[in-house]
Amino acid sequence: VMPQAAPSSAREVARVESAPLRDVVTYLLHHSDNTITEVVGRIVALDAGRPGSGQAARQAVRAQVERLGVDLERAELTDLSGLGRGSRMTPRQVADVLALTVDPDHPELRDVARGLPVGGLSGTLADRYPQGSPGRGYVTGKTGSLPRTTALAGTVVTADDRLLVYTLMA
């Protein structure tokens, strides 16, 4: 149901405002919050003029990612959190999406890259790179764990200061 305009006789009795979307995305990445992931997808759908349903969210997100140039042939999105049985993306597809977040031609996506947990310091990577680990402070990534599947995708800075995008799935 789309929101309707309030009648002219209505008076405001309370107001709630969300955190900026970049802060919400950072939170969901740091805490691996699948519910918020689904909500953000519905926001994408509403922004695209579609209903705020799960199906419309999947369609809107897919359409936007394809519009940005990522080939999603054979990708299946049964939800947006990756928990849905039957969801599939190749490591290349995940890497291509991540590459957009660090692409100078897409500064509007930079908050996603900035929001990724940092190895040994924050979010789901806080305890994965202990003191002395060469990746500590250099590796960023989003974890993914399902029965029989584990994944990590993000960025890393090389010794010669090159920024690389990586995807590992097992």
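The values are calculated or read from the model by the stated rules, or taken from the named source; none is laboratory data. Please read these numbers as outputs of a predicted model, since none were measured by experiment. Here the Cβ is made from the backbone with ideal geometry for all residues, glycine too, and neighbour counts use every protein chain on show. With ligands, DNA and RNA removed, areas are computed over all heavy atoms of the protein, side chains included. Shrake-Rupley method; radii C 1.70, N 1.55, O 1.52, S 1.80 Å.
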When residues of the range 75-96 are limited to those that are closer than 19 Å to ASP33 by Cβ and in contact (Cβ under 8 Å) with a residue 40 or more places away in the chain, the one most open to solvent (accessible area, probe 1.4 Å): LEU83
From the residues in the range 44-71 that are under 16 Å from the mean Cα position of the chain (by Cα) and not in a helix (DSSP H, G or I), which one is nearest to VAL24 (Cα to Cα)? LEU68
Would you check if GLU17 is in a loop (DSSP other than H, G, I, E, B) and not hydroxyl-bearing (Ser, Thr, Tyr)? yes
Would you pick out the residues in the range 125-150 that are crowded, with 16+ Cβ neighbours inside 10 Å, without any contact (Cβ under 8 Å) to a residue 24 or more places away in the chain and under 19 Å from the mean Cα position of the chain (by Cα)? LEU125, VAL139
Taking interchain pairs and intrachain pairs at least six residues apart, which have beta carbon atoms under 9 angstrom, with the first residue in the range 10-23 and over 12 Å from GLY115 (Cβ atoms) and the second open to solvent by 80 Å² or more (accessible area, probe 1.4 Å) and hydroxyl-bearing (Ser, Thr, Tyr)? ALA19/TYR27
Looking only at residues that are of a type in the set (Gly, Ala, Ser) and not in a loop (DSSP other than H, G, I, E, B) in the range 97-119, which one is surrounded by the fewest Cβ atoms within 10 Å (Cβ to Cβ)? ALA99
Failed item, numbered, when SER122 is tested on (1) surrounded by fewer than 17 Cβ atoms within 10 Å (Cβ to Cβ); (2) in contact with a helix residue (DSSP H, G or I) (Cβ under 8 Å, 6 or more places away or on another chain); (3) free of Cβ contacts under 8 Å to residues at least 40 places away in the same chain; (4) small (Gly, Ala, Ser): (3)
